[in-house]
Amino acid sequence: MLNLVLFGPPGAGKGTQSEKLIQQYNLIHLSTGDLLRSQIAAGTELGLQAKQLMDQGLLVPDEVVIGMIDFKLQESQSSPASATNYVGGFIFDGFPRTVPQAQALDQLLARYGTQITTMVALVVDDEELIRRLLKRGETSGRPDDQNEVLIRRRVTEYNDKTKPVADYYAQQGKYVAIDGIGDIETIFEAICGTILKANVGAK
Ligand code: AMP
């Protein structure tokens, strides 16, 4: 199995690269941001509580996102792959965002006898991120993309709470940084090259 953590600050291009990677490797996409937004759209209690934090550019509590990932992993087990819907693994997008989330993910995957293959970090400087997110806000309809103060808070949350997750995977020898500025195809090829190396000798 190929289990990939696609890592990077908001606006680094994780969504764009995820779409390409899913096609290339038949991965199931697990984005906690998307899962939270669908809870908001469905008007659930969880969605309403998460929205208050998301609208302030703050992280939602670990147990909420860990619970959602746990549910999705269980769900994928109950609809096993067939010849027509071969599943190559999972791509985690926007998760884990804290060290406790990374630890929980290791434990969840161990239950299924698998593990993270590699973490690919897209590196983009803060000012470029702010530019990209403000531009995305013109069309994305996401409230958290439309206000520079909120965008800066999300980038700060990333620098304070999420960056240490990179060290967690580095300690396991699974961290690879890729320049996230440039042509989409060039970045995609660099990620594929990393995956090829990580998969050599992987279970
Ligand atoms: P994203 O779509 O990944 O940019 O996430 C949008 C917002 O959802 C973030 O700013 C957080 O408020 C929340 N969120 C998404 N994923 C997580 C996570 N793994 N941990 C905590 N909060 C999250």
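Points to keep in mind about this one:
- Selection from the stretch 151-203 of residues that are small (Gly, Ala, Ser), in contact (Cβ under 8 Å) with a residue 40 or more places away in the chain and more than 20 Å from GLY13 (Cβ to Cβ): ALA202
- Residue count for the stretch 41-50 satisfying the condition of being surrounded by fewer than 18 Cβ atoms within 10 Å (Cβ to Cβ) and either near the ligand (Cβ under 10 Å from one of its atoms) or within 15 Å of ARG142 (Cβ to Cβ) (or both): 2.
- Residue in the stretch 6-16 that is surrounded by fewer than 21 Cβ atoms within 10 Å (Cβ to Cβ) and within 11 Å of the ligand (Cβ to nearest atom) present: yes
- Residue within the stretch 56-67 that is surrounded by fewer than 16 Cβ atoms within 10 Å (Cβ to Cβ) and β-branched (Val, Ile, Thr) present: no
- Taking the conditions (1) touching a residue at least 40 places away in the same chain (Cβ under 8 Å); (2) within 16 Å of the ligand (Cβ to nearest atom); (3) among the polar types (S, T, N, Q); (4) in a helix (DSSP H, G or I) in turn, GLN56 satisfies each one other than (4).
- Residue within the stretch 96-105 that is charged (D, E, K, R), touching a helix residue (DSSP H, G or I) at 6+ places or on another chain (Cβ under 9 Å), on the phi < 0 side of the Ramachandran plot and at pLDDT 95 or above present: yes
- Qualifying positions in the stretch 21-39 - in a helix (DSSP H, G or I), within 10 Å of the ligand (Cβ to nearest atom) and surrounded by 16 or more Cβ atoms within 10 Å (Cβ to Cβ): THR32, GLY33, LEU35, LEU36, ARG37
- Residues that are touching a helix residue (DSSP H, G or I) at 6+ places or on another chain (Cβ under 8 Å) and assigned to a helix (DSSP H, G or I) were ranked within the stretch 1-20; the one that is farthest from THR156 (Cα to Cα) is LYS20.
- Of the residues making up the stretch 158-174, at least one is surrounded by 14 or more Cβ atoms within 10 Å (Cβ to Cβ), among the polar types (S, T, N, Q) and in contact with a Phe, Trp or Tyr (Cβ under 9 Å, 6 or more places away or on another chain).
The values are calculated or read from the model by the stated rules, or taken from the named source; none is laboratory data. Since this is a predicted model, take the numbers as computed values, not measurements. Quick reminder, even Gly has a Cβ in these numbers, built from the backbone with ideal geometry, and neighbours come from all protein chains shown.
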